[in-house]
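The values are calculated or read from the model by the stated rules, or taken from the named source; none is laboratory data. The model shown is predicted, which means the values in this text are computed figures rather than measured ones. Cβ atoms come from the backbone with ideal geometry, glycine included; neighbour counts cover every protein chain shown.
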Amino acid sequence: MVKINLDYGAATPVDPAVLQAMYPYFTEHYGNPHSLHDLGEQPRQAVAAAREKVAALLGAKAEEIIFTSCASEANNTALKGLAAASKSKGKHIITCAIEHHSVLNPLRTLEKAGFKLTILPVDRYGLVDPEQLRQAITGETIFISIQAANPEIGTLQPLPLLTAVAQEKGIPFHTDATSAAGFIPLKVEELGVDLLTLAGDQFYGPKGSGALYVRRGTRLLPLLEGGIQEKGRRAGTENVPAIVGLGEAAVLAREKMAARSSSLAALRDALKEKIFAAVPHLHLNGHPHLRLPHNLHVSVEFVEGEALLLRLNMAGIYVSSGSTCTSQALKSSHVLQAIGLAPELAQGSLLFTLGPESKAEDAPYVAEQLSRITALLRQMSPLYHKYSKGG
Amino acid sequence: MVKINLDYGAATPVDPAVLQAMYPYFTEHYGNPHSLHDLGEQPRQAVAAAREKVAALLGAKAEEIIFTSCASEANNTALKGLAAASKSKGKHIITCAIEHHSVLNPLRTLEKAGFKLTILPVDRYGLVDPEQLRQAITGETIFISIQAANPEIGTLQPLPLLTAVAQEKGIPFHTDATSAAGFIPLKVEELGVDLLTLAGDQFYGPKGSGALYVRRGTRLLPLLEGGIQEKGRRAGTENVPAIVGLGEAAVLAREKMAARSSSLAALRDALKEKIFAAVPHLHLNGHPHLRLPHNLHVSVEFVEGEALLLRLNMAGIYVSSGSTCTSQALKSSHVLQAIGLAPELAQGSLLFTLGPESKAEDAPYVAEQLSRITALLRQMSPLYHKYSKGG
Amino acid sequence: MPYNEIIMDHFSNPRNVGEIPDADGVGEVGNPVCGDMMKFTIKVKDDRLEDVKFLTFGCGAAIAVSSMVSELAKGKTLDEAMQITNKDVAAALGGLPGNKMHCSNLGADALHKAIEDYRKRQAVPVAKTEESGGGCCCSFCDDDFDCPVSSASPGPTCEAKVQEK
Amino acid sequence: MPYNEIIMDHFSNPRNVGEIPDADGVGEVGNPVCGDMMKFTIKVKDDRLEDVKFLTFGCGAAIAVSSMVSELAKGKTLDEAMQITNKDVAAALGGLPGNKMHCSNLGADALHKAIEDYRKRQAVPVAKTEESGGGCCCSFCDDDFDCPVSSASPGPTCEAKVQEK
Ligand SMILES: Cc1ncc(COP(=O)(O)O)c(C=O)c1O
Ligand SMILES: Cc1ncc(COP(=O)(O)O)c(C=O)c1O
């Protein structure tokens, strides 16, 4: 049976080299890095080495990396930690409308606790305007959080332009780079960011591995308090296998990024071409070229995303959608709303993310199935019937 | 070379059956449990099954289990989440002096934020007095957090007596059962607790696996906010392999607990006998019998714990200590202070925790080495010289 | 797969898809903003539903619900058909996932609207059937756990419910 | 192992352990509350340290420091020995871990005290050497990262330092 994963954004398999590196730390080297005896030695060194590797991916210093259990934890730690440490400086925070929920929801909680939140709009491609950012800044602004890339529509923010504005005013800048890490270069000096979130499971590392880069000198109070792991910035026994895996994934990402990204982009472009040729009334979402190399996001007019997704699944093709029905919160994607996509188009959205097993041969089959299924669902769509009669 | 781990409290190896269960979820079944397509199916079922297994260990319902990345996260989530959800009810919190830092530090942070904190004392065995708990409760008390077992001195709290007091007054009761889980029965109904923390890596499950039991109906605001994983109570992509591993460890714990604990206790008792016979001026800390089956905590008079630990390490024996020098914060253990142990004795503390590879043959060797090393260090101890002259 | 076999069967092989050209009654519910929209057309003969057809824009559940409603209704008298509730439809489908109970389960409403439309055309006055509300709804409603307002982004209709708890 | 090879060597094979019975000077520093206590006894001949012995209750670093001090001091004139600083000792040991710099590095102080004691007995008045403070100390002091007050439980002597930042 055909099985074509086009939903690597939801999960990636762990690279065999990564898993191999992790393996000894479950059993042979199971010690606690904080133990003073020999059993702590190898785990301690492994964690230190992984820290160097993640730092190298970002062009950062090892001591600027805090290991976390996921990107959500890193985002919560960054945002709540900055807010708690900066109360005396002010209470104003700036973000943008298409951030991940793990950025927006902590900020909404801070808002309820008395912070002032400015949520910048984005244009129809999902871009934040540096000029609007500049105007939003007040004397009270304590930090800015704007993502590196959007996980749905794939749009890459012009971070250097945005961080330049923040730097002028001396305001710490956090970026959620979860969907960008491993696919586009993220040197913190070039980006000009002070904090950066990433997660290993987005780029062939293990689930349960995340990291927060915090520029030396940035004040942050810890979210997980307890032991003095991560120099007191994140309590909890180090998940050594996951940390080792993240380090290994960072090495692979650094070595292979250019090749990986250009081959993914080529496959993606071929897929795009094929499905646009096969399916009428298809719309591309996100920026035409400022986008993640492995991301393709479209709206299929007149039909609903979950129905498409389930039918594609029956054909062995795995995708996701930002439609109301596919979100457990039963709201259509806030990202699609923010770029001003018409509700009907948001409902018919399909997200393709390519990954390690994507092949050129897949595109024709996917296009053919998408065309067949779209036709079938349009036949039972009242919107399509209305359109057909009207047109 | 001899290698005898007597520091399983710091880390346990992952049980081979646990690792085997986890393995497919790194590669073959790498999907995201929230995916609507087939790749989400197996991970989703695996997470659901693991939830049932952890619930079964506690005699709880599956939906009362929140998976976390470690015990510290579970504790922070419980305490900060209860506080945030109960602000309108009151601002008073009760705990005890020998809690883990991942309980005490979040509570101290809440105290700084305006909550009132009562830290109950313990007796010389580490026991909390139910009557003192009763007297500490005020109309403002919003929750109580008292551990199930102490990770250092091994003392088991009389939880049913303590929770009975809380129930009378209708106050939610959290227990940090991190060092108890897997070794002593922890049925939430019998204990009478409303929230309970555990971590897999304490009982042969993987690092990075924790859980928080929250009784149905208990109000709690989430600490990690973002996606609606764990029904909105803990954001972040599920660490499926770790969750599966925790589930498997819970099954093993349920099946083997009685046998495991009685064999560990027998080994521990033999070790205790041997070292007390071999080393003069040795003191047992913690309760004589109300203690974890795998825990032995002693103070070696006139010598310092790190020096003992390092010399034992050179002899292939791995232990830990609550001495000032072995804590990165450079304070002697707050637990030893709280039970009123003299500073010199606290400095000479040694913690032995037994585990899966502990053997009866180890005890004589350990006793012999401890005796040799103690004599050697006493020879260079000014305290011992003073004692010898004086005595 | 989020759905059971009966639902997947009706989703994969929906019965009675289409639009009756010279329908005796037409009923529409929902709108694409919330993700589901259904249009039922009926043919009535001797006070019985001789034919029922539907068009649905919506998720798997919505399509299966429409299909099931059309099957349940076909051949029934109008009064019998008016007795079909959304709950009956869900039961006939072997149960809907909690978060789809409100949102996609509008099939009976659409059918009732079509019957009302027919009756209106026949000038038989009827009390307007109340819609079940439907629309966008938080997945936590059916849950016994407090809805974590700060993190779950509940839908508009549930916000009230959530606050109450 | 938290220590380098030189330290481990001095810890495993400490030089000059003991107490000189008829010492010319005795110096004690530290107390067991903070984990380290050192007692130096010296034998002086022709203004030189003919013999130096120590007793130490303390961690690996404290024992290695004591051993190194005794070696550095032995044979030196008293004035030379008074020049030995805790920093010199740490350097001779190839560096101490950050969190042991303050706490266990009291060896020079103890030696100086012993010399002072000798001089006092000889009635040569001297300015009292200042102790370096030592005692219990937070491991974050040497760190460039802000000490996370809420979570790190810094020791008493550092609390001030931490608040300052
Ligand atoms: C009683 C207790 N609570 C909490 C913790 C913290 O556990 P973790 O390192 O998994 O966060 C520990 C660690 O050993 C513990 O013993
Ligand atoms: C941009 C972005 N941020 C944060 C997250 C949350 O990641 P995690 O599930 O590792 O917490 C995601 C998840 O896909 C994401 O795409």
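Here are the numbers for the structure shown:
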quantity: Considering residues of the range B:6-21 that are more than 8 Å from every other protein chain (Cβ to nearest Cβ) and in a helix (DSSP H, G or I) only, the residue farthest from ligand 2 (Cβ to nearest atom); calculated: B:17
quantity: Qualifying residue in the range B:75-92 (condition: on the phi > 0 side of the Ramachandran plot, touching a Ser or Thr at 6+ places or on another chain (Cβ under 9 Å) and either more than 16 Å from ligand 1 (Cβ to nearest atom) or at pLDDT 95 or above (or both)); calculated: yes
quantity: Residue ID - farthest from ligand 2 (Cβ to nearest atom), chosen from residues in the range A:201-222 that are facing chain B (nearest Cβ under 7 Å) and assigned to a loop (DSSP other than H, G, I, E, B); calculated: A:206
quantity: Verdict on residue A:39 being modelled with pLDDT of 95 or more, within 16 Å of ligand 1 (Cβ to nearest atom) and of a type in the set (A, V, I, L, M); calculated: yes
quantity: Scan of the range B:215-226 for residues that are touching a residue at least 24 places away in the same chain (Cβ under 8 Å) and either away from ligand 1 (no atom under 16 Å from the Cβ) or more than 19 Å from residue A:70 (Cβ to Cβ) (or both), ordered by number; calculated: B:215, B:216, B:218, B:219, B:220, B:221, B:222
quantity: Number of the exception - residue B:229 against (1) within 8 Å of another protein chain (Cβ to nearest Cβ); (2) within 16 Å of ligand 2 (Cβ to nearest atom); calculated: (1)
quantity: Hits in the range C:25-37 (condition: surrounded by fewer than 20 Cβ atoms within 10 Å (Cβ to Cβ) and within 20 Å of residue C:117 (Cα to Cα)); calculated: C:26, C:28, C:31
quantity: Residue in the range B:356-368 that is over 21 Å from residue B:10 (Cβ atoms), within 22 Å of the chain's Cα centre (by Cα) and free of Cβ contacts under 8 Å to residues at least 12 places away in the same chain present; calculated: no
quantity: Close pairs (8 angstrom Cβ cut-off, 6 or more residues apart or separate chains): among the charged types (D, E, K, R) in the range A:93-110, surrounded by 24 or more Cβ atoms within 10 Å (Cβ to Cβ) and assigned to a loop (DSSP other than H, G, I, E, B) anywhere; calculated: A:99/A:146; A:99/A:147
quantity: Single residue of A:263, A:209 found to be of a type in the set (S, T, N, Q) and either surrounded by 24 or more Cβ atoms within 10 Å (Cβ to Cβ) or touching a residue at least 60 places away in the same chain (Cβ under 8 Å) (or both); calculated: A:209
quantity: Pick from the range A:41-80, criterion among the small types (Gly, Ala, Ser), away from ligand 2 (no atom under 16 Å from the Cβ) and part of a helix (DSSP H, G or I), ranking: farthest from the other protein chains (Cβ to nearest Cβ); calculated: A:56
quantity: Checking residue B:178 against (1) within 15 Å of the chain's Cα centre (by Cα); (2) within 16 Å of ligand 2 (Cβ to nearest atom), the condition it does not meet; calculated: (2)
quantity: Search result, residues across the range D:37-85 that are touching a Lys or Arg at 6+ places or on another chain (Cβ under 6 Å) and more than 26 Å from residue B:384 (Cα to Cα); calculated: D:77
quantity: Among (1) assigned to a helix (DSSP H, G or I); (2) touching an Asp or Glu at 6+ places or on another chain (Cβ under 7 Å); (3) within 16 Å of ligand 2 (Cβ to nearest atom); (4) not hydroxyl-bearing (Ser, Thr, Tyr) - the single one residue B:33 does not satisfy; calculated: (1)
quantity: Residue ranges of strands (runs of 3 or more DSSP E) in the range C:1-104 with at least 3 members of a type in the set (A, V, I, L, M); calculated: C:36-45, C:48-57
quantity: Subset of the range B:138-178 (residues that are of a type in the set (S, T, N, Q) and over 16 Å from residue B:290 (Cα atoms)); calculated: B:138, B:141, B:145, B:163, B:167, B:175, B:178
quantity: Candidate set from the range B:95-118 (those that are in a strand (DSSP E or B) and within 16 Å of ligand 1 (Cβ to nearest atom)); member that is surrounded by the most Cβ atoms within 10 Å (Cβ to Cβ); calculated: B:96
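Yes/no matrix, rows are residues, columns are (1) in contact with an Asp or Glu (Cβ under 9 Å, 6 or more places away or on another chain); (2) more than 16 Å from residue A:54 (Cα to Cα):
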residue	(1), (2)
A:163	yes, yes
A:183	no, no
A:186	no, no
A:190	no, yes
